[in-house]
Each structure stands twice: as C-alpha cells, then as structure tokens.
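Notes follow once the structure below has been shown.
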Amino acid sequence: MSGSQETPKRKRVPGNGGAQRDELVNEVSREKPVQSIQRNTQRFKRKEEEEEEEMELLSWGSDTPMECVALPRFPGEKGDSDLIWVQCKPCDECYKQKAPLFDPKASSSYKIIPCDSDSCSALPQTSCGKANQCEYNYGYGDRSFVDGFFSSETIGFDSTGGRPVQIPKTLFGCTHRSNGTFNQDDAGLVGLGGGKLSLIRQLGSAIGGKFSYCLPSQSQSSATSKLNFGSHAVVSGTNAVTTPLITSIPDTFYFLNLEQVSVAGQAIAVEKSSDKLAVEEGNIIIDSGTTLTLIDDVTFHSVVRKVASSVSLPQVNDPNGIFSLCFDVYGARNNAKFPEITFRFSGGAAVVLHQENAFVYAAEDTVCLAIISSAINIGINIFGNIAQRNFNIGYDLTAKTITFAPTDCAKSHV
C-alpha cells in the first residue's frame, strides 16, 4: 500500500425504503437480499474444498497469514454476490470484528487495482482516488454497505492432505469503511455469484466450474455446513434430480425454469410469461442468501388457497405483516401437520419441500407459509434458502446444471 493512499471517502448508498416488508425480501436489482426474520435463519461457517482435498480458507496475503480472515456469510444475510472483501487497516469506521484486521502494508503481494482496468469497471459503483486507485462502494438491499480499495492479493487454503494451496492475484475489496447488519465473528464476505469477480469465477478451471453446499435445517443451530469445490462438488444418488442452469442477465444470479408447484399432490401450473425471451432466460433465481421463496402473484394465490384447504388449524394474521397465510399452532403444538409442497423445475426435477422447508415461525405459536408473492419484489421470483435446507445442491457451471439431493446436512460429510 503506497504512502499516498488515503482512506476512501464515505459515499451515500441508496437504501430500499426502510419499510419492514422491504427488509424481509431481496432488492435483487441491487444484487443483495435482506436481513433474516427472527427464528428463521442461522449462521453457518463452512469449510472449502477443492478437487480431492478439503480446503479451509485461512490466509490472506502471502506474507501475513491470518486465521479465518475471510469466511462466507451464509445464508440469509447478503446473498449470492460477486465481490470478495475483507476489512483492512485502517478501519476506524467499520463494524467490530473479533479477528485481526488484514494489514495490506505488511504484504508484498498486495496491490491496488487501477481505475482504468477492466476489473474495476466490472464493479457496480466505483470512483477514482488519488494515484489512479480504484475505490468501490458496495451497497446491499438491507442498507448495509462497504467501501474501500479494489485490490489483488494471494489467498491461501490449508488442506486436510497437508498440501497448502495459494491462489495469487485474487481480486477482492480491501474494506476501510463498513456499516450495517454484519457480525463480529465475520471478517468479510466471499462472493459465490456467477459474475466475473466472484470466488467461483476466479477459481475457474481449477474447480472445473463445480461447487456445492448443504444447509442444515433451522432447528439444527449447532450444525455446520460445508462448501465443496471440484470433484467433491458432484452431487449424485438415486434421489438426486437435475435441472438446467439458464444463463441470463445479470450473470451474478443463477436462473432456473419453474414449471409447476404442487400442494399435497395437487398441481398448479406456473403462470407463463407471454415473452418468449423471458421464458428462455428462466423465471426464477436460486439464491442461497435470500431467506424466503418468492413466486409470481397468480401462482402464489393458488398455492395459498390449496395450503389453506389442506391445513385444519385456525388461521391468524401475521403480526409482522409479511406473510399472507399463517396458522395458530398453540393447541396442536408439535402435532401440527402441514402439506408437502413440490417445486417442479424443467427437466422433470421435482424438489419436495417438507414442513421445515416451507413453513416458519413468525411469532410464538404462529406458523406461516414461507412463500410470498414476488409482486413485492418487482416481480422477481426467488427460490430461497429455507426451501434449500437439507438438500445437497451441486452447481456445474460448465455443464450448466444444478442438482438437488435430499440429505441430512447436519449428519452428512458431503
């Protein structure tokens, strides 16, 4: 870091209005989801894997290894995004973290990216600092933000096989200002989106375009989850189903084509767009960082009617004003029964959502359908992380497929 470098100035980040409803769903046009609702999400630290050995991201900088300096935040906080970032010295106006801050001055491999580079122009919001230094400002749908210098550095993985792996010239954000819904256990964020700046795209051929994850259920709060790369990320088995991954814009997001939703075996055809191009580009995003699932308004109301007729419990209003269908489970306690909801994607991929995948506690003794209308979110449909719990989900960006396999993620070593 040169002596002429200055801490970047704070910039104004557009918010999403601040309404409680908006704070429970993504503002996906800004590429990020929002805060999780109470009791409905947990935080999981993950180990990384590449090819035949398990890898844990432990070091940042070839000269200054730091334990757990950057771990992905996942799920329900900042969503599928591209930018990798860590908090760096000086960081006087930052959220407090337990781990030491990364000191770029102590690393000989650290470099700030120039403003006129292609990688700097790939960021959604930048400015040019002194000495042609690329400054970024990254805003999230929950009004959190980070800003700093866009840089390159060597990141390191420790492997269980004893073979350390270093990845030089990895593009990342060296954050000097931050504010929002960040946790002191986190030193930064690893972007898993499909854009060119994400960890997945930067690893490229080294992982064969493959990664997977397996999220434990909400009740398994002490369980951990693992992010797999390369050959360890191949998901298979007799119960596995595969659907095409559809390339669309923005490339940060992973698009699928949802054909049908079934409630207790009763099928509902998904409302089809009259725009042929829209159908070809996919009609739903799968996002590990969005808490809830959002579907089009017509299909949503059909689902609500069928769920309501399938559940023999008193209906109540959601005290938070978010969910359209809620039930009073006080009398039923643990014996409350809710129908399975199946999402059928193209290619015949039927993903069956059990009670823990489709219903959440909005308040004590109040259970709500964890699916809402995408009309609240400018019509963008999202398959959220509650629906993804206890599925081993494998992404193959080369073959352009996503595979789902029902799995007890708390017990599995996948």
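The values are calculated or read from the model by the stated rules, or taken from the named source; none is laboratory data. Treat the numbers as computed from the prediction; the structure is a model and nothing was measured. Here the Cβ positions follow ideal geometry from the backbone for every residue, glycine too, while neighbour counts run over all protein chains shown. Surface accessibility is based on the protein's heavy atoms, side chains included, excluding ligands, DNA and RNA. Shrake-Rupley method; radii C 1.70, N 1.55, O 1.52, S 1.80 Å.
What the table below lists for this structure:
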quantity: Lys196/Ala269 FRET efficiency (R0 51 Å; Cβ-Cβ; nearest 0.05); calculated: 0.90
quantity: Segment Val298-Asp185, length gained on full extension (0.36 nm per residue, minus Cα span); calculated: 36.6 nm
quantity: FRET efficiency estimate (nearest 0.05) - Cβ-Cβ, Ser121 to Asp365, R0 51 angstrom; calculated: 0.45
quantity: Whole-Hz couplings from phi, Karplus 6.51/-1.76/1.60, listed for the stretch 284-289; x for Gly and Pro; calculated: 8, 9, 9, 9, 6, x
quantity: Ordering of 285-293, 100-108, 132-140 by packing [mean C-beta count within 10 Å, highest first]; calculated: 285-293, 132-140, 100-108
quantity: Net charge contributed by nearby residues that have their C-beta within less than 14 Å of Thr403 (K/R +1, D/E -1); calculated: +1
quantity: Added length on full extension, which subtracts the Cα-Cα distance from 0.36 nm per residue, Lys98 to Ser231; calculated: 44.5 nm
quantity: Ala106/Thr398 FRET efficiency (R0 30 Å; Cβ-Cβ; nearest 0.05); calculated: 0.20
quantity: Per residue accessible area in Å² of the stretch 257-414, where ligands, DNA and RNA are left out and the probe is 1.4 Å; calculated: 42
quantity: Violating pairs (Cα-Cα greater than 19 angstrom) within the set Lys105/Lys169; Lys89/Lys196; Lys169/Lys226; calculated: Lys89/Lys196; Lys169/Lys226
quantity: Two-site label geometry, Val165 and Lys130: point separation in nm, points 7 Å out along Cα→Cβ; calculated: 4.0
quantity: Per-residue SASA entry for Val352, accessible area with 1.4 Å probe, Å² rounded to 10; calculated: 50
quantity: Gained length - Tyr330 relative to Ala240, 0.36 nm times residue gap less alpha-carbon distance; calculated: 28.8 nm
